[in-house]
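Everything on this sheet refers to the single structure shown next.
Derivation of every value follows stated rules applied to the coordinates shown; laboratory data play no part. Source: prediction; values computed, not measured. Note that we place each Cβ from the backbone using ideal geometry, even for glycine, and neighbour counts take in every protein chain shown.
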Amino acid sequence: MSKSLIERDLAVLWHPCTQMKDHESIPMIPIKSGQGVYLEDFDGNRYIDAISSWWVNLFGHANPTINQAIQYQMQELEHVMLAGFTHEPVINLSERLVSLTPPGLSRCFYADNGSSAIEVALKMSYHYWLNKGQPEKKRFITLDNSYHGETLGALAVGNVALYRDTYGPLMMETIVAPSPDCYLRNENDDWETHSRKMFKHMLDLIEKHADEVAAVVIEPLVQCAGYMRMYHSVYLMLLREACDHYNIHLIADEIAVGFGRTGTMFACEQGNISPDFMCLSKGLTAGYLPLSVTLTKDEIYSAFYDDYIKLNAFLHSHSYTGNPIACAVANASLDIFSSNNVIETNQELIGYIKKCSDYIANHPHVAEVRQHGMILAIEMVKDKQTKTAYSWQERRGLRVYEYSLSQGVLLRPLGNVIYFMPPYVINKQQIEKVLTVAEAGISIATS
Ligand SMILES: *Cc1c(COP(=O)(O)O)cnc(C)c1O
């Protein structure tokens, strides 16, 4: 069965983020079913989904509460366009998101994937300044090593060379500030000191370009696709102050870190800030269906609210905007958050992950083990003292990937960084297993 599926697949598919030739030597794995933290293939092998299927899954595969919500909603209404029409699931979801997100975020604009949510925020920010008579505010400041998606606008405000450089000639130019990434700090600096130091570079750029900048775009606390590099929440606070002072929007991309990944419901809470735009996707639907939302403030919404003939409206749409089934899933996910006190109960798992992973820092080829809440990352290096990385051509992370699969764990390293971002239904025994396999995988990959 498995073999024939692979053959049929290779005859007609082109997979995401994949050099298809790799499949001559690395077999893909057809998955038959999922249950809780496990994925199961056609030979009965089970894999712990330790990376939440690309950071989307929150409450396990085939979650009964969510399955039930889908069944109910599909019998009521599967879809209706959201222009001129509305429906209960999207209204309920919007009310809940407005009350859950930081104060001031009062309007929800929907799309169907993370990149599109970023496009919405970029266009709205620019368009706001245009409506306010400041068309010169049309540039964006971004962080080095940031990632905001793959469509051309979202890719343009990202800075991971691997994804961006090839398409450089197609994209708008941005202003790039050095990342507050604490892996790169001086040995004597703690995370806060380093993040404060790095903010000076950002402040210089903001001061210099304030008149032409619409917004600063960031991933709060963790640059996930940027090798899970992390920084201190003080950076968020300083950035909020500066954006207020210089009249620049702050766009918080919480597509990956939202919904509890960093330990709080939203990462912005740790800096005690409200961004002008917050983009959410991935965990929004607990790993079930494509949906995204860009939340913004009254002040921004009002700048578009006018007589039609002034042509100030935000004329942006996607066919599946606010799909009712996806919204019903998001509502079911929020039900689980509240009825199971998920953010609180996760604190124990967070402590346990730390406890089980501390020792990995002693490994001769590990330069750092870092953690923000439910996200753990291990930096595998050639030389621990100098933090010299293995060259990317050696593809050491791939060896960890292959080894962990053979042990029943799905880890998909980013370059030389092995990370762990599990569904919240993982138990302590499964956490131990994943971390043991990760450590053994590193030993094999570095020997
Ligand atoms: C995944 C991701 C995106 C893009 O979302 P897609 O749904 O894949 O388009 C944007 N920003 C961050 C931080 C992400 O992790």
Could you work out how far apart the two model spin labels at Ile444 and Met172 are, taking each label as a point 7 Å from the Cα in the direction of the beta carbon, and quote it in nm? 4.6 nm
Would you work out which of Val257, Gln270, Ala225 lies farthest towards the positive end of the dipole of the stretch 224-283? Charges go on Cβ: Lys and Arg +1, Asp and Glu -1. Ala225
May I ask you to compute the full-extension gain from Tyr301 to Lys32, defined as 0.36 nm times their residue separation minus their alpha-carbon distance, rounded to one decimal in nm? 92.3 nm
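Between Leu13 and Glu241, what's the calculated FRET efficiency when r is the beta-carbon distance and R0 is 45 Å? Round to 0.05. It would help to have the intermediate numbers written out before the result.
Values: r = 48 Å, r/R0 = 1.07.
So, using R0 = 45 Å, E works out to roughly 0.40.
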If we sort 327-338, 14-25 on the protection proxy, mean other Cβ atoms within 10 Å, highest first, what's the order? 327-338, 14-25
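Quick one: length gained pulling Gln429 to Glu212 fully straight, 0.36 nm per residue minus the C-alpha distance?
72.8 nm
Listed here are the pairs Lys382/Lys428; Lys137/Lys208; Lys355/Lys382; Lys123/Lys297; Lys21/Lys384; Lys197/Lys382; which of them are more than 23 Å apart at the Cα?
Values: Lys382/Lys428 31 Å; Lys137/Lys208 13 Å; Lys355/Lys382 25 Å; Lys123/Lys297 15 Å; Lys21/Lys384 33 Å; Lys197/Lys382 28 Å.
Violating the 23 Å Cα-Cα cut-off are Lys382/Lys428; Lys355/Lys382; Lys21/Lys384; Lys197/Lys382.
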For a label point 7 Å along the Cα-to-beta-carbon line of Asp22, residues of the stretch 385-401 with backbone N under 12 Å: 395-401
Charge dipole (the chain, unit charges on Cβ, about Cα centre) - positive-most of Tyr110, Ala154, Ile431: Ile431
Most to least packed among 290-301, 268-279 [average Cβ atoms within 10 Å]: 268-279, 290-301
Among Val366, Val400, which comes first, second and so on when ranked by fewest other beta-carbon atoms within 10 Å? Val366, Val400
In whole percents, the bins of 10 Å from zero upward hold the Cα-Cα pairs of the chain as 4, 20, 31, 27, 14, 3, 0
For the stretch 345-437, the dipole about the Cα centre with charges only on Cβ (Lys and Arg +1, Asp and Glu -1), to the nearest 20 debye, works out at 80 debye
Name the residue, out of Gly168, Gly36, Gly133, whose mean-square fluctuation peaks in a Gaussian network model built on the chain with Cα pairs under 10 Å. Gly133
Which of Ile206, Trp55, Gln385 sits closest to the plus end of the dipole of the chain, meaning its Cα is farthest towards the positive end, when Lys and Arg get +1 and Asp and Glu get -1 on the C-beta? Gln385
If the only charges are +1 at each Lys and Arg Cβ and -1 at each Asp and Glu Cβ, what is the size of the charge dipole of the chain around the Cα centre, to the nearest 20 debye? 640 debye
Rounded to the nearest whole number, the Stokes-Einstein translational diffusion coefficient of the stretch 260-386 at 20 °C and 1.002 mPa s (Kirkwood radius, C-alpha pairs) in µm²/s is 117 µm²/s
Between the stretch 74-131 and the stretch 328-405, what is the separation of their alpha carbon centroids in Å? 31 Å
With each pseudo-label sitting 7 Å past Cα toward Cβ, what's the Asn186-Ser338 distance in nm, one decimal? 4.9 nm
How much length would be gained if the chain were fully extended between Ile91 and Thr436, taking 0.36 nm per residue of separation minus their Cα-Cα distance, in nm to one decimal? 119.8 nm
Return the calculated 222 nm mean residue ellipticity for the chain, to the nearest 500 deg cm²/dmol, obtained by summing -39500 (n - 2.57) across DSSP H runs with n ≥ 4 and dividing by the residue count. -11500 deg cm²/dmol
